[in-house]
Amino acid sequence: MKTKILRGQALSFKADPFIVGDQASIHYESDGLIFLQDGKVTEFGSYKNLKDKIPAGAEIKVYTDSLIIPGFVDTHVHYPQTQIIGAYGKQLIDWLNNYTFIAEQQFADYSHAEKIAKVFVQESLRAGTTTSAVFCTVHPHSVDAIFEEAQKLNLRMVAGKVLMDRNAPAALTDTAQSAYDDSKALIKKWHGKGRLSYAVTPRFAPTSSPEQLELAGALWKESPGTYMHTHISENLGEIAWVKDLFPERKSYLDVYDHYGLVGERSLLAHGVHLTEEEFTRIHKTGACVCHCSTSNEFLGSGLFPFERAKDKKRPVRVGLGTDIGAGTSFSHLQTMNESYKIAQLQGYSLSSACAFYLATKGGANSLYLDDKIGSIAPGMEADLVVLDLKSTPLMDFRMSYCKDIHEVLFILMTLGDDRATKAVYVAGTQVYGE
Ligand code: GUN
Ligand code: ZN
């Protein structure tokens, strides 16, 4: 296949800025070249250093007033909730009962699932997101609908059927055994097909019986390379409910841990109210916390404790999640904007390098995919987003006062949204924009 080359400002992360600091973590080229071949990046460096390597006949696309970065990684999102973004109401449990469980029942109809999956994928690309870890609904065919859509564009994606056998409407419940059987069949059908991975997906402890969690743990154990995706410690009422339902367990995390659901590739959404003991256990097991800022604000769940999560003594893997539809934006730029404010309210300043790291390589690291996606380097899959540094008149004006790339990143995450997505490349093929 012919080499395709992108030229422009470009940025990627070599290392974790939470550990090595902002300056040492970034690889920034003010005039960069990125060589793409057979779906992968083959070279990334300055125009000056690479210009002599440009093969005769290579197609070169020049992006001016732009910044090319790795595609965003959304570590927690619900595609069926695309239709309920911005549903006015109270906190988590009321919101689930009044909106979520109503909307998810419509996914009994496969054509509805197909329709929403299409909208979800288009909105994700419009926001510059190229990999997502996705909750489906209890219906096995809801997984088919999203994976089929992802497959059309060769997107890397993680998804799974929701497991719920109690505390939900009858139309949305499975049983411990049917959840196991249906998930096992879906793993066989989809896991490892192209760029798709399966996640065993118990919704959260209150909607699964001990028997269901037990079987989910067994299934996860016997399905190497799959993920476990759930929610944890999002809301104080939810935490009290879990205590009531599982009085013998010492913490919320311990419920999942007891059933063998905590380890590498466990995606734990929210973790707003995790204790020191729980953070330590998450660190030790290599699980990840998906921080969903716009959702936590929208549902009034609380302030994610960044400083504790990233404590250098026992840092935990953290990825960003949009958590659509409790989250209010598909855009990781907006998600970073709100994460910054959440940190500020606790006296902690999240640098632009740290925020963009979480949205790219940090998210990939949380998913144990950082050898494949999340950065621009030879051998990495060529999932890229080109951000427009003049996406609005105000951004254009404000950028003219930026002194360095860190300030540029900060303005992007403060003023930017999906209007800043100029182009998106998935495995080297342009799938969105100019
Ligand atoms: N906890 C259990 N289910 C959900 C959900 O759908 N959204 C959010 N934000 N939290 C949950
Ligand atoms: Zn969620």
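The values are calculated or read from the model by the stated rules, or taken from the named source; none is laboratory data. Predicted model, so just to flag it, every value in this text is computed and none were measured. Cβ sites come from the backbone with ideal geometry, for glycine too, and all protein chains shown count toward neighbours.
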Inset, instruction - Looking only at the range 135-158, decide whether some residue is within 15 Å of the chain's Cα centre (by Cα), more than 18 Å from A269 (Cβ to Cβ), surrounded by 23 or more Cβ atoms within 10 Å (Cβ to Cβ) and in contact (Cβ under 8 Å) with a residue 60 or more places away in the chain. - result: yes
Inset, instruction - Report whether or not K188 is surrounded by fewer than 23 Cβ atoms within 10 Å (Cβ to Cβ), within 27 Å of N154 (Cα to Cα) and basic (K, R). - result: yes
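Please enumerate the residues belonging to the range 380-429 that are in a loop (DSSP other than H, G, I, E, B), acidic (D, E) and farther than 22 Å from H27 by Cα.
Restricting attention to the range 380-429, the residues satisfying the condition of being in a loop (DSSP other than H, G, I, E, B) are 380, 382-383, 389-392, 400-404, 416-417, 427-428.
Within this subset, residues satisfying the condition of being acidic (D, E) are 383, 404, 417.
Listed by number, the list holds a single entry, D417.
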Inset, instruction - Report yes if K4 is more than 29 Å from the chain's Cα centre (by Cα) and of a type in the set (D, E, K, R), otherwise no. - result: no
Inset, instruction - Considering each residue of the range 11-55, count those that are buried (at least 18 other Cβ atoms within 10 Å of the Cβ), aliphatic (A, V, I, L, M) and over 19 Å from H406 (Cα atoms), and give that number. - result: 5
Inset, instruction - Could you pull out the residue among H291, H231 that is surrounded by 23 or more Cβ atoms within 10 Å (Cβ to Cβ), within 15 Å of ligand 2 (Cβ to nearest atom) and either within 14 Å of V200 (Cα to Cα) or without any contact (Cβ under 8 Å) to a residue 40 or more places away in the chain (or both)? - result: H231
Inset, instruction - Identify, by number, the condition in (1) more than 16 Å from ligand 2 (Cβ to nearest atom); (2) in contact with a Ser or Thr (Cβ under 8 Å, 6 or more places away or on another chain); (3) over 22 Å from F306 (Cβ atoms); (4) not β-branched (V, I, T) that P17 doesn't meet. - result: (3)
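Checking the structure you have, find out if any residue of the range 262-270 is within 24 Å of Q91 (Cβ to Cβ), buried (at least 16 other Cβ atoms within 10 Å of the Cβ) and of a type in the set (D, E, K, R). Outline the logic, then answer.
Applying the first criterion (within 24 Å of Q91 (Cβ to Cβ)) to the range 262-270 yields 267-270.
Imposing the further condition that a residue be buried (at least 16 other Cβ atoms within 10 Å of the Cβ) reduces the set to 267-270.
Narrowing further to those that are of a type in the set (D, E, K, R): none.
For the range 262-270, residues within 24 Å of Q91 (Cβ to Cβ), buried (at least 16 other Cβ atoms within 10 Å of the Cβ) and of a type in the set (D, E, K, R): absent.
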Inset, instruction - Exactly one condition in (1) in contact with an Asp or Glu (Cβ under 8 Å, 6 or more places away or on another chain); (2) within 14 Å of ligand 1 (Cβ to nearest atom); (3) among the aromatic types (F, W, Y) is not met by Y99; state its number. - result: (1)
Inset, instruction - Restricting attention to the range 242-272, report how many residues are within 16 Å of ligand 2 (Cβ to nearest atom) and more than 17 Å from G160 (Cβ to Cβ). - result: 5
Inset, instruction - Filter the range 301-350 down to the residues that are closer than 23 Å to H78 by Cα and surrounded by fewer than 19 Cβ atoms within 10 Å (Cβ to Cβ), then identify the one that is nearest to ligand 2 (Cβ to nearest atom). - result: G302
Inset, instruction - Can you tell me which residue among T42, T100, T75 is in contact (Cβ under 8 Å) with a residue 60 or more places away in the chain and assigned to a helix (DSSP H, G or I)? - result: T100
Legend entry - Any pair with Cβ under 8 angstrom, 6 or more apart, that starts in the range 61-72 at a residue that is within 22 Å of L369 (Cβ to Cβ) and in contact (Cβ under 8 Å) with a residue 60 or more places away in the chain and ends at one that is acidic (D, E) and surrounded by 16 or more Cβ atoms within 10 Å (Cβ to Cβ): P70/D383; G71/D383
Inset, instruction - Check every one of the helices (runs of 4 or more DSSP H) wholly within the range 227-329 and list those with 3 or more residues that are over 30 Å from T130 (Cα atoms). - result: 236-245, 252-258, 276-285
Inset, instruction - Output yes when any residue across the range 60-67 is more than 23 Å from M413 (Cβ to Cβ), away from ligand 1 (no atom under 16 Å from the Cβ) and out of contact with any strand residue (DSSP E or B) (no Cβ under 7 Å at 6 or more places or on another chain), and no when none is. - result: no
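Would you mind stating whether A58 is touching a residue at least 24 places away in the same chain (Cβ under 8 Å) and over 23 Å from the mean Cα position of the chain (by Cα)?
For A58, the condition - touching a residue at least 24 places away in the same chain (Cβ under 8 Å) and over 23 Å from the mean Cα position of the chain (by Cα) - is met.
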Inset, instruction - May I ask you to verify whether T75 is modelled with pLDDT of 95 or more, of a type in the set (S, T, Y), within 20 Å of T230 (Cα to Cα) and within 13 Å of ligand 1 (Cβ to nearest atom)? - result: no
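Residues are listed down the side, and each one gets a yes or a no for (1) on the phi > 0 side of the Ramachandran plot; (2) more than 21 Å from the chain's Cα centre (by Cα); (3) hydroxyl-bearing (S, T, Y):
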site	(1), (2), (3)
I34	no, yes, no
T42	no, yes, yes
I68	no, no, no
D74	no, no, no
I84	no, no, no
Inset, instruction - For P202, indicate whether it is within 14 Å of ligand 2 (Cβ to nearest atom), under 27 Å from E148 (Cβ atoms) and in contact (Cβ under 8 Å) with a residue 12 or more places away in the chain. - result: yes
Legend entry - Where a residue in the range 294-316 is under 19 Å from L236 (Cβ atoms) and its partner, wherever it lies, is surrounded by fewer than 20 Cβ atoms within 10 Å (Cβ to Cβ) and hydrophobic (A, V, I, L, M, F, W, C), with Cβ under 6 Å and at least six apart: L303/L345
Legend entry - Residue pairs meeting the criteria (Cβ under 9 Å; at least 6 apart or on separate chains; first closer than 20 Å to K422 by Cβ, in the range 371-392; second modelled with pLDDT under 95): V386/E434
